[in-house]
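Trainee: Could you have a look at this structure, given as structure tokens, before my questions?
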Amino acid sequence: MADEATTALDVVVQAEVLELLARMRAEHDLALLLVSHDLAVIAEVCDRVLVAYAGELVEDGPAERVLNDPLHPYTEALLRVTTVGDWERRELEVIPGAPPEVGARLPGCRFADRCAFAAPECLSGPVPLRETADGRRVRCVRGEELDLSRAGAHGTREVAV
Ligand code: SF4
């Protein structure tokens, strides 16, 4: 398990750390659980991506699918506000609002007050993690109904994985 293993490193040292991890995986036939906020590193290293928000798993799937065709609005927002991929941005975007306080008891989706796609049904009860027809998992009542792909809600994006 490598928890933020490359955070705050310059790109040269980061590349060395990633190369070392890749070599250890290959030589010892290891699985690597990489915890990171750096989507560019995740896109380079990971086969599978799990996205967490406010203490809950909100999306899980193959890296190529999650990073290019997210199902959860938080994943889509993360991709929109980072420099990963070929986003053509004129100014730095942010996700408005703030995460709920630790332990806060909320009526429904924990991302609802920051979500551009929130609807009344999002607050009608706890949102379960659901499996989609193609074997991915998402915690969103509108997950398969929304088009959050690179050609979808917020412009164009393509992430090389
Ligand atoms: S459940 Fe509703 S508020 Fe939560 S992420 Fe999905 S659309 Fe947004």
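Trainee: From zero up to wherever the largest Cα-Cα distance of segment 1-79 sits, split into 10 Å bins and tell me the percent of pairs in each.
Mentor: All Cα pairs considered, the percentages come to 17, 49, 30, 4.
Trainee: Among 20, 41, 75, whose Cα projects farthest towards the positive end of the dipole of the chain, with charges put on the beta-carbon of Lys, Arg (+1) and Asp, Glu (-1)?
Mentor: Toward the positive end, the furthest listed residue is 75.
Trainee: Right, here's the next one. Express in nm, to one decimal, how much length is gained between residue 52 and residue 123 on full extension, taking 0.36 nm for each residue of separation and deducting their alpha carbon distance.
Mentor: Answer, rounded to one decimal: 23.7 nm.
Trainee: To the nearest 10 degrees, how steep is helix 11-28 against the longest Cα principal axis of the chain, on a 0 to 90 scale?
Mentor: 80
Trainee: Next question, about the same structure. Have a look at 32, 146, 50 and tell me which one the Gaussian network model of the chain (Cα, springs below 10 Å) gives the largest fluctuation.
Mentor: Looking only at 32, 146, 50, the biggest GNM fluctuation is shown by 32.
Trainee: Rounded to the nearest 10 Å², what accessible area does residue 23 have for a 1.4 Å probe in the complete protein model?
Mentor: For residue 23, the solvent-accessible surface is approximately 110 Å².
Trainee: Mind checking the log10 I(q)/I(0) for the chain at q = 0.11, 0.13, 0.15, 0.18 Å⁻¹? Debye, one equal scatterer per Cα, no solvent, two decimals.
Mentor: Summing over Cα pairs of the chain leads to -0.48, -0.67, -0.88, -1.19.
Trainee: Sticking with this one: Out of 15, 116, 54, any idea which swings most in a Gaussian network model of the chain, alpha carbons joined below 10 Å?
Mentor: Of the options given, 15 has the highest mean-square fluctuation.
Trainee: Here's another thing I want to ask about it. Taking R0 as 22 Å, what's the FRET efficiency between residue 15 and residue 92 from their Cβ-Cβ distance, rounded to 0.05?
Mentor: After rounding, the FRET efficiency stands at 0.35.
Trainee: Now for a different question. Any chance you could check the Cα centroid distance between segment 63-78 and segment 1-17 for me, in angstrom?
Mentor: The distance from the Cα centre of segment 63-78 to that of segment 1-17 comes to 23 Å.
Trainee: In deg cm²/dmol, rounded to 500, what helix-only [θ] at 222 nm does the chain give when every DSSP H run of at least 4 residues adds -39500 (n - 2.57) and the total is split over its residues?
Mentor: Value at 222 nm, helices only, nearest 500: -7000 deg cm²/dmol.
Trainee: Can you tell me which of 56, 27, 44 moves the most in a GNM of the chain? Springs connect C-alpha atoms under 10 Å apart.
Mentor: 27
The values are calculated or read from the model by the stated rules, or taken from the named source; none is laboratory data. Here the structure is a predicted model, which is why all the values come from computation and not from measurement. Note: ideal-geometry Cβ built from the backbone for every residue, glycine included; neighbour counts use all protein chains shown. These accessible areas exclude ligands, DNA and RNA; they are computed on the full protein's heavy atoms, side chains included. Shrake-Rupley method; radii C 1.70, N 1.55, O 1.52, S 1.80 Å.
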